[in-house]
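Below is one structure, written out as structure tokens; comments come after it.
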Amino acid sequence: MASIATSFFLSPKSRYCLSQKLSTYYGSLHFHYPVFQYPVHLRNVPKLQFRDRRMSAPVCRAGIEIPDSIRPGKAVETDKLPADVRKRAMEAVEFYRGRVTIGDVASKGGLKLNEAEKALQALAADTGGFLEVSDEGDVLYVFPKDYRAKLTGKSFRMKIEPLLEKSKAIFEYLIRVSFGTALVASIVIVYTSIITLISSRSDEDNRGRRGGRSYDSSIAVFFPSDLFWYWDPYYYRRRRVEKAEGMNFVESVFSFVFGDGDPNQGLEEERWKQIGQYIASNGGVVTAEELAPYLDVPPNGKNSDDESYILPVLLRFDGHPEVDEKGVILYRFPSLQRTASSKRSGRKEYVGRRWAEGVGNIDKFFKERKWKFSKTGMQERALVIGLGALNFFGVIILGSMIKNVSVAPAGLVSFVAEIFPLLQVYAAAFFAIPVFRWFLLRQTNAKIEKRNKARKQRAQALERPDLSLRQKLLSARDMAQRTVIGKDRIVYTTERELSDQDYEAQDWEKRFRELERSE
């Protein structure tokens, strides 16, 4: 039985209720351990064995005495959780319709067992959830249907998170817009300054030294009228199909220089979700070869006896190795064998060609996405490169002209002379950054392709296993055990708001006496 470090104290009424019920039926029940001691720690809940498994244990319902230091209402426990842990735990709770074990949440959400436990405790404390204890000491968390609404109404963090995400998206878009707009502004400033200096020299040649005055270059600069359309703060919502329409000019500039972000963002969480669901669907006992398609492993044939790559999975889901009768090493995950869901799991015949059916909706192997240099089309990229080159050569020409100015610059030229180092940095970085990224992406994609190829080979080996691997897989299926904890196996619950009539209506003593007579 999995060890669960959740503890609580029973009220005096609950203690009397539970002790009376268990002592009444002591003759009908076979205990491995003495009757409950108080305070009760769920790690030490006794295993109850019934002569007739069709009969359920008496259900004792009572409230929990929660210390004032952690009493709900004084603090929102869920706000202390990382946002991604909370979201993944809530998704798992909703997937299993509000009744879950720690293993259910860990496997479905790809969370560590301690993360899943803390998340469930926090959610239960903040939303009025309650616990159920089975006849073997397994703990289930049960949540009301409106638990999300209750949590949102109580948590200030959850209220402002949508606003923060929206602000973050707008801020990121404004950065993209600013960099693209800077290219247009740089071109306008550079070539306006060049024209101004040329005009100034021409005036000096025509007037000679009679004027004796410098040229005031306060020239109005006009930007394209449609440029400001790109500054629409809600433009980021208007996602268009890139193949059909492509990016706008401002997005193309940023995409060419800096790329389009990590294509594998959030993929690591998906990897652990797939691993957890695969283990749970196969009864909590798997071979190292089955998990290899989801991990970073060497190509098939290299260090084939080395199974150290499975250690991160054992640590995350509290697994341990076991040896079968033939001396084959298998890996058991006890916490993922206990579930509140009655959905079907993997079957013994899911080996070889039918392995693909056994994994269900889970991918056959974990595939990383390659980095793209830019999502821009050929026309957009050509336009961006052309304008970048135009700006680069303009900065070079302007730099030589400013050095050769005989009269102290004034007006626009004076302003450009002060910011000219920034123009030089921008023009140089416009091509230096993409060139550096191109070499870096080549190395990164080569490593990604190598890892994907190794995982694909391991998946293909499962589809066409040799005799030794087939026997190993069948042995894992034989040792698999998936225990569904239904309502009939609950012996204690902390659910409140039950009337005395509902409680007294359950005449357990009569049922157990009838059972004794039948035996």
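The values are calculated or read from the model by the stated rules, or taken from the named source; none is laboratory data. What you see is a predicted model, and the numbers here were worked out from it, not measured in a lab. Here Cβ is always computed from backbone atoms with ideal geometry, including for glycine, and neighbour counts include all displayed protein chains. Only protein heavy atoms, including side chains, enter the accessible area calculation; ligands, DNA and RNA are left aside. Shrake-Rupley method; radii C 1.70, N 1.55, O 1.52, S 1.80 Å.
Numbers for the structure displayed
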item: Hey, residue 265 among the polar types (S, T, N, Q) and without any contact (Cβ under 8 Å) to a residue 12 or more places away in the chain or not; result: yes
item: In the stretch 176-187, the residues that are open to solvent by less than 30 Å² (accessible area, probe 1.4 Å) and without any contact (Cβ under 8 Å) to a residue 40 or more places away in the chain; result: 185
item: Selection from the stretch 123-166 of residues that are in contact with a helix residue (DSSP H, G or I) (Cβ under 6 Å, 6 or more places away or on another chain), open to solvent by less than 10 Å² (accessible area, probe 1.4 Å) and among the small types (Gly, Ala, Ser); result: 134, 155
item: Of all residues making up the stretch 423-443, the number that are closer than 13 Å to residue 396 by Cα and either of a type in the set (A, V, I, L, M, F, W, C) or open to solvent by less than 80 Å² (accessible area, probe 1.4 Å) (or both); result: 5
item: Those residues of the stretch 74-95 which are under 19 Å from residue 340 (Cβ atoms) and crowded, with 19+ Cβ neighbours inside 10 Å, in sequence order; result: 88, 89, 90, 92, 93
item: Scan of the stretch 259-272 for residues that are of a type in the set (D, E, K, R) and open to solvent by less than 30 Å² (accessible area, probe 1.4 Å), ordered by number; result: 271
item: Residues of the stretch 302-338 classified as among the basic types (Lys, Arg) and crowded, with 17+ Cβ neighbours inside 10 Å, total; result: 3
item: Flag if residue 398 is out of contact with any Lys or Arg (no Cβ under 9 Å at 6 or more places or on another chain), buried (at least 17 other Cβ atoms within 10 Å of the Cβ) and either over 30 Å from residue 117 (Cβ atoms) or modelled with pLDDT under 85 (or both); result: yes
item: Number of positions in the stretch 100-138 that are under 17 Å from residue 151 (Cα atoms) and assigned to a strand (DSSP E or B); result: 1
item: Identity of the residue in the stretch 273-290, open to solvent by less than 20 Å² (accessible area, probe 1.4 Å) and either polar (S, T, N, Q) or part of a loop (DSSP other than H, G, I, E, B) (or both), that ends up nearest to residue 459 (Cα to Cα); result: 287
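Residues are listed down the side, and each one gets a yes or a no for (1) open to solvent by less than 70 Å² (accessible area, probe 1.4 Å); (2) in contact with a Gly (Cβ under 8 Å, 6 or more places away or on another chain); (3) modelled with pLDDT under 85; (4) among the acidic types (Asp, Glu):
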position: 169; (1), (2), (3), (4): yes, no, no, no
position: 172; (1), (2), (3), (4): no, no, no, yes
position: 191; (1), (2), (3), (4): yes, yes, no, no
position: 199; (1), (2), (3), (4): yes, no, yes, no
position: 207; (1), (2), (3), (4): no, no, yes, no
position: 214; (1), (2), (3), (4): yes, no, yes, no
position: 226; (1), (2), (3), (4): no, no, yes, yes
position: 231; (1), (2), (3), (4): no, no, yes, no
